[in-house]
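What follows is a short report on a single structure.
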Amino acid sequence: MPNDAQWQLDIRPAGPANEDSLEIILGGRWCIDASLPASGVVFEALDDRIRRVRFDAAGLTDWDSGLLTFLGSVLKTCAQRDIATDTSGLPPGAQRLLAMALAIPEHNVAGRDKGPQDMFAQVGTATIEFFRDGPQMLHFLGEITQSMLRLFTGRARFRPRDLWLEIEEVGPRALPIVSVISFLVGLILAYLGADQLRLVGAQVFIADLVAIGMVREIGALMTGIIIAGRTGAAFAAQLGTMQVNEEIDAYKTLGIPPVDFLVLPRMLALMLMVPLLTLYSGFIGMLAGLLVSVTIFDIGVFEYYTETLRALELKHFLVGLSKGTVYGAMIAFAGCLRGMQCGRSAEAVGRAATSAVVTAILLITIAASIMTIVYYQLDI
């Protein structure tokens, strides 16, 4: 069917020996501004004898979403009538876009499962999921590494404004909860230390215990756990919602790497802000120790201050900063990973947020153990 709009459409039997097959030949320019034919032209040729449809687009010169709309309607109708289709004759780009557009995501109904499982079945399921999750985590880690390399070479594609927004969300807005938790932890640490040091009359060393413990270990650990529950879950929920709304698929279709545009700003924000929050947490914990020492154990403010300065060394601050940086990277990795793995339902978003917190805390605990042992062996 040639015409003045420069598109061509020819519908004919595949051959004398294939009376149950239909061949659709496309040529010329199939763009949305070219007054393209309606798909009903093809439907009229799909009688009861047709069992197979093949496309031939060797004559195409240009195409856009107009071609995809036409082909999508034809393919859906063929699927409803149980007619096999052969799309190998279409352009590779059109094949990929049609496969994405016509894909039917797995539908999980909330509240319905396979019923209760015994202990051995639960252990087996958890083991299978663990070994299945390992390669996915390594693949995602590789994508983040490539994105970091593109950042260092100036080729990463993300908006600086997004980075600043994430920094504001991760840093200043987290100060209230970090302040409260750090103050209470410093208070507990001071009381626990004082209870033992009082036996030998060395209450003044409460300052050493609280200062080194908060700056070197507890501050980074508590900050990491707080941020994992507050920000890691938020990252997973945000990216999971984007998966449900097919926004991440849209980024891929437009040629924008989702890891660069969505994951990299979040990763950088946490790696920059968690170390600073760790220092802040250590300072608040030391204030709590000062309060306990002055009001309960009759230690002077100047005495506590002097003992704190004597106990703290530069290496303690560097250890705390390094742990904060690693914990921030772990939280961003877990939150973004679970968000990108999220399914296409509201229930899946909730599971992703929960899994992000659990994964982040597990990674933080493992990293804390390894780094503590390494620093001890290196006498740092």
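Summary of values
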read-out: Segment 139-157, residues that are outside any helix (DSSP H, G or I) and without any contact (Cβ under 8 Å) to a residue 40 or more places away in the chain; value: Thr153, Gly154, Arg155
read-out: Leu363 being crowded, with 18+ Cβ neighbours inside 10 Å, without any contact (Cβ under 8 Å) to a residue 40 or more places away in the chain and assigned to a helix (DSSP H, G or I); value: yes
read-out: Listing of strands (runs of 3 or more DSSP E) fully contained in segment 1-102 that carry 3 or more residues being outside the structural domain of Glu247 (by TED's automatic domain parsing) and charged (D, E, K, R); value: 52-63
read-out: Segment 262-290 - residue that is in contact with a Cys (Cβ under 9 Å, 6 or more places away or on another chain) and hydrophobic (A, V, I, L, M, F, W, C) and, of those, farthest from Glu307 (Cα to Cα); value: Leu262
read-out: Scan of segment 288-340 for residues that are of a type in the set (Val, Ile, Thr), surrounded by 19 or more Cβ atoms within 10 Å (Cβ to Cβ) and assigned to a helix (DSSP H, G or I), ordered by number; value: Val292, Thr308, Val319, Val326, Ile331
read-out: Qualifying residue in segment 153-162 (condition: under 29 Å from Pro257 (Cα atoms) and of a type in the set (A, V, I, L, M, F, W, C)); value: yes
read-out: Yes/no for Val215 being of a type in the set (Val, Ile, Thr) and either in contact with a His (Cβ under 6 Å, 6 or more places away or on another chain) or not assigned by TED's automatic domain parsing to the domain that holds Ile299 (or both); value: yes
read-out: Filter result for the condition that a residue is in contact with a Ser or Thr (Cβ under 6 Å, 6 or more places away or on another chain) and under 20 Å from Val170 (Cβ atoms), over Leu264, Leu270, Leu239, Leu279; value: Leu264
read-out: Selected residue [buried (at least 17 other Cβ atoms within 10 Å of the Cβ) and under 14 Å from Ala329 (Cα atoms)] from Ile248, Ile284, Ile227, Ile218; value: Ile227
read-out: Matching residues in segment 247-274 - criterion: being in contact (Cβ under 8 Å) with a residue 24 or more places away in the chain and either in contact with a Pro (Cβ under 7 Å, 6 or more places away or on another chain) or on the phi > 0 side of the Ramachandran plot (or both); value: Ile248
read-out: Single residue of segment 166-201 satisfying the filter (closer than 20 Å to Thr308 by Cβ and small (Gly, Ala, Ser)) that is farthest from the chain's Cα centre (by Cα); value: Gly201
read-out: Meets criteria (surrounded by fewer than 16 Cβ atoms within 10 Å (Cβ to Cβ), more than 18 Å from the chain's Cα centre (by Cα), more than 20 Å from Gly324 (Cβ to Cβ) and of a type outside the set (Phe, Trp, Tyr)) for Arg159; value: no
read-out: From the options Ser293, Ser322, Ser345, residue that is of a type outside the set (A, V, I, L, M, F, W, C), assigned by TED's automatic domain parsing to the domain that holds Ala174 and modelled with pLDDT of 90 or more; value: Ser322
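Let's see how each residue does on (1) over 41 Å from the mean Cα position of the chain (by Cα); (2) over 25 Å from Val374 (Cα atoms); (3) of a type outside the set (A, V, I, L, M, F, W, C):
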| site | (1), (2), (3) |
| --- | --- |
| Leu272 | no, no, no |
| Pro275 | no, no, yes |
| Tyr280 | no, no, yes |
| Val294 | yes, yes, no |
| Phe297 | yes, yes, no |
| Glu307 | yes, yes, yes |
| Met330 | no, no, no |
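The values are calculated or read from the model by the stated rules, or taken from the named source; none is laboratory data. Treat the numbers as computed from the prediction; the structure is a model and nothing was measured. Cβ atoms come from the backbone with ideal geometry, glycine included; neighbour counts cover every protein chain shown.
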